[in-house]
1. Between copies, how far does the label point of C:Asp187 sit from its twins, in nm, shortest first, when each point is 7 Å from Cα along Cα→Cβ?
2. Cβ neighbours within 10 Å, averaged per peptide: list B:341-347, C:228-234, B:270-276 in order, most packed at the top.
3. Give me the percent of Cα-Cα pairs in the range A:7-89 that sit more than 18 Å apart, rounded to a whole number.
4. Per-residue mean of other chain beta-carbon atoms within 10 angstrom of the beta-carbon, peptide C:361-372?
5. Label C:Glu60 and B:Glu183 with points 7 Å out from Cα along Cα→Cβ: what is the distance between them in nm?
6. What order do you get for B:160-166, C:55-61 when each peptide is scored by the mean count of other beta carbon atoms within 10 Å, highest first?
7. Averaged over its residues, how many other protein chain Cβ atoms are within 10 Å of peptide A:386-398's Cβ atoms?
8. Taking K and R as +1 and D and E as -1, what net charge do the other residues with C-beta under 12 Å from the C-beta of C:Thr258 add up to?
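Nothing in this text is a laboratory measurement; each read-out follows from the coordinates by a stated rule. These numbers were taken from a predicted model, which means no experiment stands behind them. For neighbour counting, all protein chains shown are included, and Cβ atoms are generated from backbone atoms with ideal geometry for every residue, glycine included.
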Amino acid sequence: MEFRLNQEQQAFADEVREFIRTHLPADIARKVRRDQHLSRDDYMRWQQILGQKGWHTFNWPEEYGGPGWNVIQSYLFEVISAEMDCPIIQPFGPRMAGPVIYTFGTEEQKDRFLPGIRDSTVWWCQGYSEPQSGSDLASLSTQAEDRGDHYLVNGQKIWTSYAHYADWMFCLVRTRGDGRPQEGISFLLIDMNSPGIEVQPILMMEGTHSFNTVFLDNVKVPKENLIGEQDKGWSYAKFLLEHERVDNAAIGVTKAAMRRLKAIASQERSDERPLLEDPLFHARVIEVEAQLQALEVTALRVLSQVASGQAPGPVASLLKIRGTEIAQRISELTSQAVGHYALPFQPGYLRDEGAEEPVGPAHAATAANNYLWRRSMSIYGGSNEIQRNIIAKHMLEL
Amino acid sequence: MEFRLNQEQQAFADEVREFIRTHLPADIARKVRRDQHLSRDDYMRWQQILGQKGWHTFNWPEEYGGPGWNVIQSYLFEVISAEMDCPIIQPFGPRMAGPVIYTFGTEEQKDRFLPGIRDSTVWWCQGYSEPQSGSDLASLSTQAEDRGDHYLVNGQKIWTSYAHYADWMFCLVRTRGDGRPQEGISFLLIDMNSPGIEVQPILMMEGTHSFNTVFLDNVKVPKENLIGEQDKGWSYAKFLLEHERVDNAAIGVTKAAMRRLKAIASQERSDERPLLEDPLFHARVIEVEAQLQALEVTALRVLSQVASGQAPGPVASLLKIRGTEIAQRISELTSQAVGHYALPFQPGYLRDEGAEEPVGPAHAATAANNYLWRRSMSIYGGSNEIQRNIIAKHMLEL
Amino acid sequence: MDLNYSEEQQMLRESVERFVRQHYAFPDRQKRLADGRGFSRELWQQMAELGWLTISLPEEDGGIGGSVADTAIVMEGLGQALALEPYLPTVLASVLIARLGTDEQKARYLGPLAEGQLQMAVAFTEPQARYQLDDCATRLEVRDDGMVLEGGKSLVLGGQHADMTVVVARSSGDRKSPDGLSLVLVDRELPGIERRDYQTNDGLGAVDMHFSSVRLPASALLGPRGEALPEIEYMLDLAIACVASEAAGAVSALCQATLEYLRNRTQFGRPLGANQALQHRMVDMFIAQEETRSIALYGAMMMEEPDPVARKRALSLTKVEIARTARHVAQEAVQLHGAMGVTEELSVGHYFKRLTAINATFGDSDWHLHRIAQCDHQQ
Amino acid sequence: MDLNYSEEQQMLRESVERFVRQHYAFPDRQKRLADGRGFSRELWQQMAELGWLTISLPEEDGGIGGSVADTAIVMEGLGQALALEPYLPTVLASVLIARLGTDEQKARYLGPLAEGQLQMAVAFTEPQARYQLDDCATRLEVRDDGMVLEGGKSLVLGGQHADMTVVVARSSGDRKSPDGLSLVLVDRELPGIERRDYQTNDGLGAVDMHFSSVRLPASALLGPRGEALPEIEYMLDLAIACVASEAAGAVSALCQATLEYLRNRTQFGRPLGANQALQHRMVDMFIAQEETRSIALYGAMMMEEPDPVARKRALSLTKVEIARTARHVAQEAVQLHGAMGVTEELSVGHYFKRLTAINATFGDSDWHLHRIAQCDHQQ
């Protein structure tokens, strides 16, 4: 048991740092550093650079083009990436569509879809939630009618992240109406250019757009786009959800947010001293840092478990719950740090479109917005209440 | 609307202060000030002094010997009493047995029992909880069998405060087994000297004794000791529980505890300064003080409601919940204030039996003990979870 | 000691409730927010006619002779309504003029203010000052022929609408000296004023102002020169009493909305509110609602406290408690609304933003904890 | 970086678990507590034979050459067991001797310590010092013919059992000077020592000691004169690593007990655990349990950090987090047990008391927050 890096790990970390240093476009890094919102092009540019190195799908097995990293290496990659202001890798391809396709897909499907994910030439989105089934996914009602060589899909998906950027969607649809709600769900891959698809933005309270409603009106989906068996889609979705919760801890990004908070609180002045030296503010920061430290070790423990072949299981819910709570708290303190400069609403700066200088210090311009935006973290990906239900049911057997 | 005292209220407050100043025995005040545990004799001496003045049952209507105070006066009396280190008035007679007897009792019962409560010559206790029915009172199983001129009572009561001091017990018993559990409960007054009663102490984790188990083995209770109608006891008990929750806010006592906390934290030194001037500790104290201030105004609002003839209703549960949470937090901070002198266990000093000097400063000797002891506040009198259920059900209609 | 509303106050409450019910359906509010003017001139006129704009001013100053508790009643309604009208800046400016103005100044400004014809704001914060009231680099030079204003003010709430702004400026002393602060009345149209209007997260908007050798007549001085700090402190406390009541209104609107959502939204085949875990959290929101109301009442009543240290301490305590309860209710309301709670579409997110803005203005909780420590050490 | 236990550590864990299961049924523990001797000499001998008493000492000093992580494994078991044995004072004293002792001192004390034949404690706190390590009024006068100890120490944990006590005394400097602290080995039987033994809430007991011209031989000095502070800091951090693991054990015992109570206790005709509100609170306890384990591991691992400022910061961070999680679990376990939770009869209350004592020793959370601030400002 050892917390410091051994020589081999240190060499790996150096390699990652060197690659990022020499390859990350400065304009992208600047946006990340400022907590601005990135465009589709920003994400794709960086992901394609990683793709060329074989690192975009760093969590994949080597046989599908993964780099063969162990959990500590993957972890270090994520932490260093965040530390050096890399954008997060959008998970919909490499974390979601990819693993489902290489685990449950046919050889044809693998050949057809995996390269576009590896190289990040294709943007995927996730068609799960529906207006009447948020956390209660199994009650979804989007219909896929069997029409011989294709399904005819009708229904509506909601909270679809970046559907307006996406080329493809992996989607849960109902192919059978009787039986338990979990039965009769199928897992389809849908071309977002198909006729009958309409994407409508959902504006968030802080004025940003990343979520959408996706209307599916008589969309034809060829049967070759069905993953695994018809009516068995629920088990593939569950497989994904568990992995997602581990990722949701997002330690690297949260550690970077903590560093950013400290940097801002060092620049802000309270009574002529850096705000970070105000005993109250400092204590509030450190109390969260202690929680983050515990979370990091917990995540590493879970990753070690996963590495030794065990499923992450319900403890992954813990990472989701605490990971989001801690990230939210950090964003709240960051907003508090900038004082009343949390008030100005500056969407232009947020999207880096600004000819205008921000009102107040630049570091303040995104602080409040990010506090607002991060409120959704404890809701998406299975709300923290649902996660608590999961732990209660499975782990505590209550 | 006005927060300061008007002239009339000021005169009343002066009268109360003067009476306490001239009548409260110094040895009792010292124990209260030190947070030591009081003996039966301590309580009775002070309550009898109040009884002679007509103030022991200050909440009673004038026709039964109450002083005819309005809610603000009663409130001021409690706050000033606590501020001047008076013991709390044990509620079992004047707050519980008394109101039930004068509201639901016969004239004979009133004549027989009320004087002893008014003068505090009789100590009452409350026989409600049973081993298998804690918060779920209606499931109680102590049997009272109708034997013509008396009931024969068999069963077991638990968590009975000061049963070892008590002369009489008011007691819920089951007189009918069919129907809804709430039906078939009767309200009996039982002489604690009756043959067949055995009182067994329950020791608390901090080593004190105020709770008991009371075993009732073929105890004969004359029928004239039945309150109201047989099988209707549940409604009398409910009547009491609502009033109890308002009292449970205990603003006066909690304000006194806050003052004591500040006094201790002014004496304790941290880095050569009074601990109270340590920014972190000061902030923790003030955050609670703000909550206490809100609670006080809420209690006054509820009292004003009660005064204008409305039942306190479920909002009384709010007072119980927050009143106990805040009192617990104050006791916790007090324990924190004394540093590692929270460790010594000094039951002798706690009961003022000590020939020995306390280890460490005197103010530390009861601090940790009181933190431990106050953990029970959120459990007794209907746990805070039950209170939340009550609010959810009645007020929010969920 | 009397926690009951008077009959007049009860009537005012009903009148405010009616007003809010009639005019502040959420979609109407959103339309006003989007139409570029920021708020409704028609509603503003109605409020003026109801006597609300100067409700707490003495009758001789054109007010109704009410107390801060009356202003608080209006603020609670506006909080519930999530109103966009610049009521708070109007209250702050008018009270400063009523307390400090010469007869001439009162005659000139208070009438139009009361009638809704004149918009005013108070400029008391600077970029470097965080929440510190006496940290003021804006300088006021007094000459024989008048005064000259030099410097800048930030986050002037409602300043974008203001015809006249009460500006805090330093007529003597170092940047952080408690002495030497003065108030001046600055006309929007004066040469040398640069303004930057911007939107704020809560939709109310604000202005940063820059003054380059702005010449003022001697009559622009409000109150005695160099002794403004106690009055600025009073104004801050008044602002806290106001936003505490506004928060009480917003919090109760959020509780109501969340309760209805829990009752009506179904999940796993039953109402969300059937989940006991959510019930208990709803109860804690309800508790926080009552606490918010109580501490807002306390704050309003303590504005009558004559000892300034006791008043400051009480209002700081109010702000500390509001910060806790408002944050709790706002976060929980969003969370219990689930994904809908974070959208532009529902009112919930907008209440969240207003409560967040309240917590970040007039001193945040930590600043007030320090202020209380200062009060305590003075005693 | 490797978060897995080694094979040896895995075996040690199993061995500790077995030991706890066999010997620490709660009624047996209570019997030992009541019998007046405070702990079981028999179990102590067994622990000595298992090699646990000096598990982390180098082999040449009679240890097993393990790391702090090994000590932590034992501590976690003892925390789960709510053990009364003075393991922690033994670890602290033995590590100080191993780090600072002359060959002679090591030879004289470490053998008997390892064999369970010698009891030791460390006296490092004084009544006026709160948690400050360098606040030391006890004076050590060095003469030609030996040394003289004058002063007093408070809350010497396990001191009632100690044959020898390592005492922190000041050989030079003012009361609060960081320089001038020395460690001396003080025999229980020396003339001039006054002791007051007392019980503590957690049942472990402690001693206040008073020294009136206690004469010590020159050989009683442990480590270089006047330079003890860094070593006392190390010892404090080691103590934190130990009690963090002890807390992890106690917390997991409380979670287990509460879970069983929720499963088995019925109310309103169904198990308590059927209440979703309680389920979610149980989940939060479970989360805190995992956090406690994680931060305890972190603390143990960070004891290997060579930079003392980084080590101090890490262990202070550990103590801050433990304070939060232990408090949370202890309070919730009692609350969810209802009335039974606050009685002497159930183990719950006793775990509560031990966790409360842990939070109040070796610096409370606020003290460590200040210590971290100091570390940060040094950087």
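1. Result for C:Asp187, in nm, nearest copy first: 9.6.
2. Final packing ranking: B:341-347, C:228-234, B:270-276.
3. Here the long-distance tail beyond 18 Å is 41 percent of all Cα pairs in the range A:7-89.
4. For peptide C:361-372, the averaged partner shielding equals 5.
5. Spacing of the two 7 Å Cα→Cβ label points: 7.2 nm.
6. B:160-166, C:55-61
7. The shielding value for this peptide is 6.
8. Charge balance near C:Thr258 sits at 0.
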